[in-house]
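Have a look at the structure below before the remarks.
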Amino acid sequence: MRSSLHKAAVLSAIAIMIIGSGCSSRRESVKREFTAMGTLASIISLDDGDRTAIPSEEATQIAQKEFSRLEKTFTVYSLSSDVSRINRAAGQEWVDVSPDMVTLLAAARRYGELSGGAFDVTVGPIVRAWGFNSGVTPAAPLPPERIRQLLDTVGYGTIEVRPGAARLTRKDVMVDLGGIAKGYAVDIAWDLIQRKGGKNFIVNLGGNMRVSGQPSSKRPWTIGVRHPFSKEEIVGRMTLKDGMAVATSGNYERFVTIKGRKYAHIFDPRTGMPVEGMASVTVIGPSAVEVDALSTSCFVLGMDKAMDLLAKLPGNEAIFIPDSQPMTIWITPGMKDIFECFSQWTSTVKIISR
Ligand code: ADP
Ligand code: MG
């Protein structure tokens, strides 16, 4: 990493690292870490003596409280969560749920529609059958007839919501919010911290992040993009303006090995197969829930179709790193002024032409 970045507050987050406020400034950022929703969370905040801003400790407490509240709603590991109750009542009846659940399910359905089914929160049975989320890893890749059977229970179109309630219109459908809930939680915490007086901070939940303000009057927040083939390295950094969010979906953190071959935790809900060919997709945009859903969607769609999806949602930009050698870093045209690649990788960067 370059020397000017030696004070980098490197986050051990799933996909992304944060580069802090730099060394020339007196304004120091403080990082407070904790675990939430099964992953590492942190609040990076500027404790700069600004008496109108809340202290980082308070911002962290707000995030911790919100994450734990939302986890109780969204987890499939508790029988009494909203999501478990909806799943149990699949094909039967409406279930009273919290406003958060209604909002998130409506968003999930919308991203299902926008992505043509590449994003589908009912893909859970497939994910589990391949050995993720407490499923047992099969000894061999699932046979086509088993996949066909499982696909019968997949379909975001079976999700219906109304104020205060939700239902799944088909039996055996199961909602798994793993591809979107963390982003939603980041937005909720970000919003609440701001409303309580937070100014210059970053909310991070397992690599899903949203920034507020900036670390110094001269510079915006910068976030490192992880090298998908080399754990400790980052390939470059992005500058994020006030309010922007970032998420990465990658094939390098969670995978199973079946007959010597690695399969990652993101699935194509249209085929029931684990997605291959992509190493990582990073998306930046106006909200954490949107970039969380989009990073997963774009990972599934592949670059060309992902570009069609991104065109429908202005304000989002992406970095694609295919799972092939030599490494190529593909960026959307709008990412050109946001992403700065470290010098050793510049020759590998290509701008996607439309
Ligand atoms: P992570 O949760 O590791 O940050 P993602 O945001 O990309 O990564 O979400 C991946 C998770 O989303 C998987 O673990 C699984 O629970 C769920 N998932 C997998 N494939 C899809 C898909 N096509 N659409 C929606 N959710 C998915
Ligand atoms: Mg996601």
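The values are calculated or read from the model by the stated rules, or taken from the named source; none is laboratory data. For clarity, every value in this text was computed on a predicted model and none was experimentally measured. Neighbour counts are summed over all protein chains in view; Cβ atoms, including those assigned to glycine, are modelled from backbone coordinates with ideal geometry. To get the accessible areas, we keep the full protein, side chains included, count just its heavy atoms, and leave off ligands, DNA and RNA. Shrake-Rupley method; radii C 1.70, N 1.55, O 1.52, S 1.80 Å.
For V246, the test of being closer than 21 Å to S324 by Cβ, open to solvent by less than 20 Å² (accessible area, probe 1.4 Å) and within 16 Å of ligand 2 (Cβ to nearest atom) is failed.
Pairs linking a residue in segment 264-283 that is farther than 27 Å from G334 by Cα and within 16 Å of ligand 2 (Cβ to nearest atom) to a residue that is part of a strand (DSSP E or B) and among the aromatic types (F, W, Y), with Cβ atoms under 9 Å and 6 or more positions apart or on different chains, are A264/F255; H265/F255; P274/F255; P274/Y263; P274/F267. Condition (residue is within 16 Å of ligand 2 (Cβ to nearest atom), under 16 Å from the mean Cα position of the chain (by Cα) and surrounded by 20 or more Cβ atoms within 10 Å (Cβ to Cβ)) applied to segment 189-202: is it met by at least one residue? No, segment 189-202 has no match at all. Return a yes/no flag: does segment 262-275 have any residue that is of a type in the set (V, I, T), more than 22 Å from M327 (Cβ to Cβ) and surrounded by fewer than 24 Cβ atoms within 10 Å (Cβ to Cβ). Scanning segment 262-275 turns up at least one residue that is of a type in the set (V, I, T), more than 22 Å from M327 (Cβ to Cβ) and surrounded by fewer than 24 Cβ atoms within 10 Å (Cβ to Cβ).
Results for (1) modelled with pLDDT of 65 or more; (2) among the polar types (S, T, N, Q), shown as yes or no for each residue.
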{"position": "L11", "(1), (2)": "no, no"}
{"position": "I16", "(1), (2)": "no, no"}
{"position": "G20", "(1), (2)": "no, no"}
{"position": "R27", "(1), (2)": "no, no"}
{"position": "P55", "(1), (2)": "yes, no"}
{"position": "A63", "(1), (2)": "yes, no"}
{"position": "S68", "(1), (2)": "yes, yes"}
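Of all the residues in segment 83-99, those that are in a helix (DSSP H, G or I) and either open to solvent by less than 20 Å² (accessible area, probe 1.4 Å) or of a type in the set (V, I, T) (or both) number 3. Within segment 131-190, being charged (D, E, K, R) and in a loop (DSSP other than H, G, I, E, B) holds for D152, R170, K171, D172, D176.
What are the residues in segment 303-334 that are under 19 Å from the mean Cα position of the chain (by Cα) and hydroxyl-bearing (S, T, Y), if any? Within segment 303-334, T332 is the sole residue that qualifies. Considering the conditions (1) more than 16 Å from ligand 2 (Cβ to nearest atom); (2) open to solvent by 50 Å² or more (accessible area, probe 1.4 Å); (3) under 17 Å from E33 (Cα atoms), K182 is excluded by exactly one of them, (1).
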